[in-house]
1. To test your reading of the geometry: what angle, between 0 and 90 degrees and rounded to tens, separates the Cα axis of helix 5-24 from the longest principal axis of the chain?
2. Explain nothing, just the number: dipole magnitude of the chain about its Cα centre with +1 on each Lys and Arg Cβ and -1 on each Asp and Glu Cβ, in debye rounded to the nearest 20.
3. What is the fewest-to-most order of His86, His179, His129 by other Cβ atoms lying within 10 Å of their Cβ?
4. Would you calculate a helix-derived [θ] at 222 nm for the chain, using -39,500 (n - 2.57) for each DSSP H run of n ≥ 4 and dividing by the full residue count, to the nearest 500?
5. Against the longest principal axis of the chain, how steep is helix 92-116, in degrees 0 to 90 to the nearest 10, with axes from Cα atoms?
6. Cβ neighbours within 10 Å, averaged per peptide: list 109-115, 89-95, 25-31 in order, most packed at the top.
7. Most exposed first by the Cβ proxy, i.e. fewest other Cβ within 10 Å, how do Ser168, Ser103, Ser217, Ser36 rank?
8. Assign one of three labels to the chain, namely rounded, prolate or oblate, based on the Cα gyration tensor with a ≥ b ≥ c the square roots of its eigenvalues; rounded applies when a/c is under 1.5, prolate when it is not and a/b is larger than b/c, and oblate otherwise.
Amino acid sequence: MQITLAQGLLLAIAAVIQGGDFWLEGLYIFRPIIVSTIAGIILGDLQTGLVVGGVTELAFAGLTPAGGTQPPNPILAGVMGVVIAHTTGAKPEAAMALALPFSLLMQYVILFFYSTFAFFMRQIDSAAHEADTKKVGRINMTTTGIVAVTYGVVVFLTGYLAQSPMKSFVAALPSWLTHGFEVIGGILPAIGFAMLLNTMLKMEFMPFLLIGFVLASFLNFSNLLPVAIVGLALALFTYTIEQKIRNNKPTLMANNTNQDEEDFSDGI
């Protein structure tokens, strides 16, 4: 299917907003599940947006910046996954794998900004020394605006202007290679979850993991909404218990202190 000019502009505007949020990490609307869903709504293909967003979000679940390492860009992965699936008819897994080069390209652009924006540090230091908060704010807004606009430009160039060459490229791929991309797209979510569990899996979380595994694997649900509701119930239950323990802790400590004090009323 063809992407119209209006849809390309809307994708670019959405990328500007999401790119600014990614730079500031305020609302977290830059996550692939949200980015792909919005892209699907813009392209009039909500189902594709949801499916691609779900697959991409799973793949990016464990991809977080650590030290000097930078993972692929989630915004371009989410947008281009939907664009490729919508325009070429590729399966969501294959579309997600094909979108990774665009994601890596955008991350290199962001790394370039990390280096070049060091130019502003001396100006910010000088403004901070003079207590010029307005100048500090202007510099931060300028750099954020540059990054946000760059997201819009890149998405417009790759999502709208390059759609014909992209369709021709995907159509020219042999079937075995397309199937390979589908396999890779199916493996990446498992890798993302494994990376996430490598950090988060602790003994106190094991009961919840096992309950979720049993519910998702052995009970016949038409969708995962019941599993999500059970997970929400367990989270609320755990939160309530922790709040009670936290509220009762001062009282327990006070009681223990009183019991530990020696009673000399009888002279002993």
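1. 30
2. 1160
3. Values: His86 25, His179 13, His129 8.
Fewest-to-most ranking of His86, His179, His129: His129, His179, His86.
4. So the calculated ellipticity at 222 nm is -26000 deg cm²/dmol.
5. For 92-116 against the chain, the angle is about 80 degrees.
6. Numbers: 109-115: 12.3, 89-95: 23.1, 25-31: 14.3.
Highest to lowest by the protection proxy: 89-95, 25-31, 109-115.
7. Values: Ser168 10, Ser103 23, Ser217 7, Ser36 34.
Going from least to most buried by this count: Ser217, Ser168, Ser103, Ser36.
8. Oblate, because a/c is 1.5 or more while a/b does not exceed b/c.
Here, each number is a calculation from the coordinates, and none is a lab measurement. Quick caveat, the model's predicted, so the values are computed rather than measured. When we count neighbours, we look across all protein chains shown, and the Cβ atoms used for this are built from the backbone with ideal geometry, even at glycine.
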